[in-house]
Amino acid sequence: MRRILPQYSLTPPAEAPLDEPAYFGRLRATCPVSEVAVGTEMSALLFTKYDDVKAILSDPRFSSNPLTPGFPFHGAPGADSPVSVGSMIRQDPPVHTRLRRMVAKDFLPRTVEGYRDSVCATIDERVEALALLPDPLDFIEAFALTVPSDVIAKMLGVPAADEPRFQELTEVMTTLALSREEQYAVMDEFTEFCYRIVALKEREPGDDLVTRLTYERLHTGELTLPELAGFITMLVSAGHDTTAGMFGLSVLTLLKFPEQLALLKSGERSWENAVEELIRIHTVVRMGPRRAATDDIEIGGTLVRLELYYGLPRLFARYPGLRLVDGDLAALEYREGRAFFGLGKLLVSLGESRSA
Amino acid sequence: MRLTLDTSRCAGAGQCALAAPDVFDHDEEGVAYLLQTEPGDQERAAVEEAIASCPTRAIALIDH
């Protein structure tokens, strides 16, 4: 007999485009572990309870690799692109550990702190430019997307002359509305762009990340040229629209709650906590981590069988520490540990430090 | 309390040193190491946060 399962979907309700799909909330309340259809031929377990999700993400027996049998491929854009599959965020240890360590020192909190002056200068420049634009302006286009592009371009060492094209490609590449063919075409063009930057750094080394990866990893044989391009692509897409999304959602949230904004402006509440809480509330990584079980594993009383895959929705919007009651943002005054973009084997500090 | 840190699992996410800067640091390659293996009780909350934050579960409390 054919069972009818709810279809796994990440599409938010039309009337609330910034929210998670309503059925996540319903499932969390009534059935925190449920079987859902993923695409037309597969089903997966969908976990919506914080503790279950946390247990899964920190259990090394769950694989992040889309090539693991039973991995929930469908239902998330770009999951099966070659760049995505080869990227370190889709790998398990020890491959993940080897790749992640190649940039560990570049994204330590103290290293990121070293970017502060340069990031502040970039932001000041962009804020000044906003004042010259006619009203109304598109904040996302004029500010939110350009700031991370500027910062990442400097970090990587993209020459000033190439920056406009770099920004265009980055913006297109991280647009989820593209068709699959369009997405692949822009990824190919970005890969070519990476090859050109690497060739340039071989001729004219600079004090930047691409130069370092080229000399320390490519020339030593630790990375191939396509792997290096994949690495750069991953760094760009991990930091670009996550940061842009946070800028846009944070500004919108503070405008919707002017009394909170006033408390921040007067210094009665800390901006640092507000940034942490905004990251937690909005959870900009929409696609939700997916894993495949490599063993029979019990999670919160549910047996997850080998090769039965499952998806996990946005995790932290309903984090137990969050004080979001009836749309009231009292949350901004509290701090209960840091927000995570990912537990498991993700690039926590990478996203967190850069987005801050 | 006594701690161990499995450097082969460390991916250099940097979370431990953020949570407990007097107990953890990172070497020049970004791999974490312990500044002290038997931190005092005043570090307990920070160490517990560091353990919970570590994405690769590289830190363990072996003696409470």
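The values are calculated or read from the model by the stated rules, or taken from the named source; none is laboratory data. Fair warning: this is a prediction, and the values are worked out from it, not measured in the lab. Here Cβ is always computed from backbone atoms with ideal geometry, including for glycine, and neighbour counts include all displayed protein chains.
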B:THR4 vs. criteria in contact with a strand residue (DSSP E or B) (Cβ under 9 Å, 6 or more places away or on another chain), without any contact (Cβ under 8 Å) to a residue 60 or more places away in the chain and not hydrophobic (A, V, I, L, M, F, W, C): yes
statement: Screening B:GLY40, B:GLY12 for residues that are free of Cβ contacts under 8 Å to residues at least 40 places away in the same chain, closer than 25 Å to A:MET102 by Cβ and more than 9 Å from the chain's Cα centre (by Cα) leaves only B:GLY12
message: Condition first: within 19 Å of A:MET155 (Cα to Cα), of a type outside the set (Val, Ile, Thr) and buried (at least 18 other Cβ atoms within 10 Å of the Cβ). Now tell me which residues in region A:211-226 satisfy that.
response: A:ARG212, A:LEU213, A:ARG217, A:LEU218
Members of region A:148-166 found to be surrounded by 20 or more Cβ atoms within 10 Å (Cβ to Cβ) and of a type in the set (A, V, I, L, M), listed by number: A:ILE152, A:ALA153, A:MET155, A:LEU156, A:VAL158
- prompt: What pairs come up if the first residue lies in region A:80-102 and is more than 13 Å from A:SER63 (Cα to Cα), the second is small (Gly, Ala, Ser) and modelled with pLDDT of 85 or more, and their beta carbons are under 6 Å apart, counting only those six or more places apart or on different chains?
  reply: A:VAL83/A:GLY230; A:GLY86/A:GLY230; A:SER87/A:GLY230; A:THR97/B:ALA11; A:ARG100/B:ALA11; A:ARG101/B:GLY12
field: Qualifying positions in region A:114-130 - among the hydrophobic types (A, V, I, L, M, F, W, C) and free of Cβ contacts under 8 Å to residues at least 12 places away in the same chain
entry: A:CYS120, A:ALA121
field: Per-region count, region B:9-31, residues assigned to a strand (DSSP E or B) and of a type outside the set (A, V, I, L, M, F, W, C)
entry: 2
message: Looking at the structure I just gave you, is B:PRO55 under 21 Å from A:ASP106 (Cβ atoms), within 10 Å of chain A (Cβ to nearest Cβ), under 11 Å from the mean Cα position of the chain (by Cα) and not in a strand (DSSP E or B)?
response: no
query: Which residues, counting only those in region A:156-204, are assigned to a helix (DSSP H, G or I) and farther than 24 Å from A:THR214 by Cβ?
result: A:GLU171, A:VAL172, A:ARG180, A:GLU181, A:GLU182, A:GLN183, A:TYR184, A:ALA185
statement: Checked region B:18-52 for anything buried (at least 21 other Cβ atoms within 10 Å of the Cβ), more than 7 Å from chain A (Cβ to nearest Cβ) and of a type in the set (Gly, Ala, Ser); matches are B:ALA19, B:ALA20, B:ALA32, B:ALA50
message: As an exercise: evaluate A:ASP208 against (1) touching an Asp or Glu at 6+ places or on another chain (Cβ under 8 Å); (2) over 12 Å from A:HIS240 (Cβ atoms) and give the number of the one condition it does not meet.
response: (1)
task: Identify all residues within region A:222-258 that are under 24 Å from the mean Cα position of the chain (by Cα) and not in a helix (DSSP H, G or I); write none if there are none.
output: A:LEU223
query: Can you name the condition, by its number, that B:ALA32 falls short on among (1) more than 24 Å from A:ASP59 (Cβ to Cβ); (2) among the hydrophobic types (A, V, I, L, M, F, W, C); (3) modelled with pLDDT of 95 or more?
result: (1)
- line: Over region A:97-106, the set of residues crowded, with 19+ Cβ neighbours inside 10 Å and at the interface with chain B (Cβ under 7 Å from one of its Cβ atoms) is A:THR97, A:ARG100, A:ALA104
